[in-house]
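What follows draws every value from the coordinates through simple rules; no lab data is involved. As the structure is a computational prediction, the values presented were derived from the model and not from experiment. Neighbour counts are summed over all protein chains in view; Cβ atoms, including those assigned to glycine, are modelled from backbone coordinates with ideal geometry.
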Amino acid sequence: MFIDKVKIIIGSGKGGRGCSSFRSEKGVVNGGPDGGDGGKGGDVFFEVDNNTDTLSWYKGRNSIRAANGQSGMGSRMTGKTGEHLILRVPPGTQVFDDETGELLLDLLNEGEKATLLEGGKGGMGNFHFRNSRNQAPTYCQPGLAGVQKTIRLELKLIADVGLVGYPNVGKSTLISVCSNATPQIANYEFTTLTPKLGVVEVGEYNSFVMADIPGIIDGASNGRGLGLEFLRHIERTDTLLYMVDMANYRDMISQYRVLKEEINKFSPELGKRKYAIALTKI
């Protein structure tokens with residue numbers, strides 16, 4: 001299933017508790033404090049993975065957390081750091097703070113890795129609290145809490161050319177002929193229900209990526225049809241290809257104007273992109 005938007009709670013790990021202990025070995029009486037520090041809580045990372053092209057792994061998961069740090073031990077041994085949480089996402093994923101709407105991360109390139117939440121610091125063991133007045137402190141610190149945040153993940157596919165047109169205009173046919181994509185093709189509207197990417201080979205060494213999204217209809221900017229929901233997938237494209245159906249009851253100019261208007265309403269910036277026009281069903 002193609003999933004391009006999810007909301008989830010993530011949390012970094014809590015720091016481990018410091019240890020309260022005293023040196024104990026043969027021949028030593030009243031050994032001094034030797035409690036070690038707690039381990040740091042696990043961090044939360046995001047990593048771009050080209051082997052996935054959807055956010056479906058996150059569907060149905062309410063919260064994900066990194067591991068807590070372990071408690072300190074005697075002999076001034078520091079507790080183990082909590083296991084980090086590495087969240088793998090496809091290229092083009094944006095991470096938003098769900099409460100404020102702030103864009104936290106924009107992840108584009110394969111292998112790119114970014115820290116979103118730091119784990120809590122481990123508490124100090126009783127060794128740190130010895131002084132001239134108190135040679136045998138029993139106090140040790142608890143670890144600091146991790147950080148919790150509700151985030152929204154949104155996927156914007158990365159392509160060079162985005163196909164824009166009414167339903168059943170021939171977008172899927174074009175991308176299937178030009179590229180390695182295999183979309184569903186039929187003689188009825190909305191056969192494309194999710195975005196599709198295809199790599200178009202140009203000669204022996206060059207290529208570009210083409211994106212096909214569900215057809216746009218009149219009033220898409222007001223929520224009609226399927227196209228508006230997926231228009232963000234062509235926000236990163238360099239060029240838009242407006243496809244105009246010569247067999248449609250609307251004339252060519254009317255089709256182009258409506259498509260252009262809906263794009264401009266969705267994003268004025270997107271409406272300023274380079275574009276070309278292709279005539280279909282001639």
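May I ask you to list the trypsin sites (Lys or Arg not before Pro) in the stretch 24-59 that are in a DSSP loop and have at most 16 other Cβ atoms within 10 Å of their Cβ?
Numbers: sites: K26, K40, K59; in loops: K26, K40, K59.
Listed in order of number, the matching sites are K26, K59.
Restrict the search to the stretch 109-138; then list the trypsin sites (Lys or Arg not before Pro) that DSSP places in a loop and that have at most 16 other Cβ atoms within 10 Å of their Cβ.
Values: sites: K113, K121, R130, R133; in loops: K121, R130, R133.
Those that pass, being in a loop and sparsely packed, are R130, R133.
Starting from the Cα of K265, step 7 Å along the direction of its Cβ; do the same at E47; then give the gap between the two resulting points in nm.
The modelled label-to-label distance comes out at 4.4 nm.
Specify, per residue and in Å³, the volume enclosed by the convex hull of the alpha carbon atoms belonging to the stretch 96-157.
On the way: hull volume 7.8 nm³, N = 62.
Cα-based convex hull of the stretch 96-157, divided per residue, equals 126 Å³.
Loop by DSSP (not H, G, I, E, B), at most 10 other beta-carbon atoms within 10 Å: where is the longest site-free stretch of the chain for chymotrypsin sites (Phe, Trp or Tyr not before Pro)? Present the calculation step by step, with values, prior to reporting the outcome.
On the way: sites that count: Y188, Y205, Y249.
My reading of the result: 1-187 is the longest stretch.
Mind listing which trypsin sites (Lys or Arg not before Pro) in the stretch 245-282 are in a DSSP loop and have 11 or fewer other Cβ atoms within 10 Å?
On the way: sites: R250, R257, K260, K265, K272, R273, K274, K281; in loops: R250, K272, R273, K281.
When the trypsin sites (Lys or Arg not before Pro) of the stretch 245-282 are filtered for loop state and at most 11 Cβ neighbours within 10 Å, K272 remain.
Within the set of other residues whose C-beta is less than 11 Å from the C-beta of G42, count the net charge using Lys and Arg as +1 and Asp and Glu as -1. Please list the in-between numbers first.
On the way: positive: K14, K40, R65, K80; negative: D43, E83, E118.
Neighbourhood net charge equals +1.
What does the charge count around G31 come to, taking other residues whose C-beta lies under 14 Å from its C-beta (Lys +1, Arg +1, Asp -1, Glu -1)? Write out the running numbers ahead of the final one.
Details: positive: R23, K26, R76, R130; negative: E25, D34.
With Lys, Arg at +1 and Asp, Glu at -1, the neighbours total +2.
Could you pull out the longest piece of the chain with no exposed loop GluC sites (Glu not before Pro) in it, calling a site exposed if DSSP puts it outside H, G, I, E, B and it has at most 10 other Cβ atoms within 10 Å? Provide the component values of the computation, followed by the final result.
Details: sites that count: E25, E99, E102, E204.
Between the exposed loop sites, the longest stretch runs 103-203.
Could you check what % of the DSSP bridge pairs in the stretch 1-155 are antiparallel, to the nearest 5?
Details: 22 of 30 bridges.
That works out to approximately 75 percent antiparallel.
Let me know the volume per residue of the alpha-carbon convex hull for the chain, in Å³.
Values: hull volume 49.9 nm³, N = 282.
In the chain, the Cα convex hull volume per residue is 177 Å³.
Quick one: work out the % antiparallel among DSSP beta bridges in the chain, nearest 5.
Numbers: 30 of 53 bridges.
The answer is about 55 percent antiparallel.
Can you flag which of K5/K149; K40/K113; K156/K260; K149/K274; K59/K121; K14/K59 are past 27 Å Cα-Cα?
Numbers: K5/K149 17 Å; K40/K113 20 Å; K156/K260 20 Å; K149/K274 38 Å; K59/K121 31 Å; K14/K59 25 Å.
Flagged as over cut-off: K149/K274; K59/K121.
Taking just the alpha-carbon atoms of the stretch 1-86, what radius of gyration and Dmax come out, in angstrom?
Rg, Dmax (Cα atoms, Å): 20.2, 68.
As an exercise, take the mean of 1/r over every pair of distinct alpha carbons in the stretch 1-155, invert it, and state the Kirkwood radius in angstroms. Walk me through the numbers before you get to the answer.
Working: mean 1/r = 0.0581 Å⁻¹.
So the Kirkwood estimate lands at 17.2 Å.
Could you size up the charge dipole of the chain around its Cα centre, putting +1 on the beta carbon of Lys and Arg and -1 on that of Asp and Glu, and report it in debye to the nearest 20?
Working: 33 positive and 32 negative charges, 250 e Å.
So the dipole magnitude of the chain works out to roughly 1200 debye.
Give me the angle, in degrees from 0 to 90, between the Cα long axis of helix 252-266 and the longest principal axis of the Cα atoms of the chain, rounded to the nearest 10.
Once rounded, one gets 20 degrees.
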